[in-house]
1. Determine whether the stretch 183-193 contains at least one residue that is polar (S, T, N, Q), touching a Cys at 6+ places or on another chain (Cβ under 8 Å) and either within 30 Å of residue 44 (Cα to Cα) or modelled with pLDDT under 95 (or both).
2. In the stretch 138-155, how many residues are more than 19 Å from the chain's Cα centre (by Cα), of a type in the set (Ser, Thr, Tyr) and farther than 19 Å from residue 24 by Cβ?
3. Can you find, within the stretch 67-120, the residue that is farthest from residue 202 (Cα to Cα) among those that are charged (D, E, K, R) and buried (at least 20 other Cβ atoms within 10 Å of the Cβ)?
4. Regarding residue 29, is this residue modelled with pLDDT of 95 or more, basic (Lys, Arg) and part of a strand (DSSP E or B)?
5. State whether one or more residues within the stretch 124-137 are polar (S, T, N, Q), more than 14 Å from residue 72 (Cα to Cα) and either assigned to a loop (DSSP other than H, G, I, E, B) or more than 17 Å from the chain's Cα centre (by Cα) (or both).
6. Give me a count of the residues in the stretch 156-186 that are over 19 Å from the mean Cα position of the chain (by Cα) and over 25 Å from residue 104 (Cα atoms).
7. Restricting the search to the stretch 85-102, which residues are under 11 Å from residue 139 (Cβ atoms) and assigned to a loop (DSSP other than H, G, I, E, B)?
8. Quick test of your reading of the structure: residue 277 fulfils all but one of (1) surrounded by fewer than 17 Cβ atoms within 10 Å (Cβ to Cβ); (2) assigned to a loop (DSSP other than H, G, I, E, B). Name the failing condition by number.
Amino acid sequence: MHREVFGTLPTGETVERFTLAVPGGPRVRVLTYGAIVQSIETPDATGLSADVVLGHDSLGGYLRGDAHLGALIGRYANRIAGGRFTLDGREYRVPRNNGPNTLHGGDRGFDRRMWTAEPGGDDSLALYYVSPDGEEGFPGTLRTEVVYTVTPDGGLRMEYQAITDAPTVVNLTDHSYFNLSGAGAGEVLGNVLTIDADHYLPVDATQIPVGDPAPVAGTPFDFTTPHAVGERIGAGGYDHCWVLNPGDGVKARVEDPASGRVLEVLTTEPGLQFYTADHLDRRADGYGPHAALCLETQHFPDSPNRPSFPSTVLRPGERFRSATVYRFSTAS
């Protein structure tokens, strides 16, 4: 495993970069700042490798931007309505940093924190972060671990664990932006997407779920069979959570006709937030709208306020566990 200094934070803390690689697997670079997946290199149908996730070449790009490129998102990924939730009869208020709502853990979520690294050989890296009680308004001291592992079958596996000393809510995800033609190689609207989900969550104007999960059948949200991302995208693009069908196996598949690269997503999570990067700002983020797509495996948005959704509550003595695999190949 290659280990190097990537930059220095204004606080004086040193950010390191680790490179994970094994024969047959993608070449992955990870930062200790934000547990960020900075790059994933994988070959196309001709054998030519390219970086297929959006990222920055220097630490300054991550400090300036707010698109969460490649970052680990927590303590609560996605949105919490009104910046408040009630747990065990007590109301908690968290920062409203996305209009009236909380997004991705508040003003300074896990993507803007330093993580402690523990290399596990050429193929694996563990990262740790302790979030103190009250950080961004969330209760309980939360101890979080993520292990990134590259595998010989073209996979990048992400395994999350967390424990708490007081009841809290937890929703973790990776926020990588994928362009299978290569980062900066144009728009992804021609990519062909399949999602193993018969339902999705309709949302209001602030992206908060309304009502019950709705059938995808007969709507632009139906990716149970392959469709080009831009075929039915409409104004505003996609930024919605799909309710994944039960069972093991591939939950999403993206094929890039230009390069022949294929990405398959497997996960233990119940939801998949599909985002077409409509709000990327080239000046702030280095990339423009539709330069990539996100497939964020997670629990549903606003679950702390929706008892009918799968619970995101974690209590002392319990252990949060979640796993997601990105598996890369080429079309046959």
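The values are calculated or read from the model by the stated rules, or taken from the named source; none is laboratory data. All values reported here derive from a predicted model rather than from experimental measurement. Methodologically, a virtual Cβ is constructed for each residue, glycine included, from the backbone with ideal geometry; neighbour enumeration extends over all protein chains shown.
1. Let us first name the residues in the stretch 183-193 that are polar (S, T, N, Q), namely 191.
Still in the list and also touching a Cys at 6+ places or on another chain (Cβ under 8 Å): none.
No; the residues of the stretch 183-193 include none that is polar (S, T, N, Q), touching a Cys at 6+ places or on another chain (Cβ under 8 Å) and either within 30 Å of residue 44 (Cα to Cα) or modelled with pLDDT under 95 (or both).
2. 1
3. If we take residues in the stretch 67-120 being charged (D, E, K, R) and buried (at least 20 other Cβ atoms within 10 Å of the Cβ), then 113 is farthest from residue 202 (Cα to Cα).
4. So residue 29 passes the test.
5. yes
6. Looking only at that region, the number is 3.
7. Selection gives 88, 94.
8. In the conditions (1) surrounded by fewer than 17 Cβ atoms within 10 Å (Cβ to Cβ); (2) assigned to a loop (DSSP other than H, G, I, E, B), residue 277 misses (1) alone.
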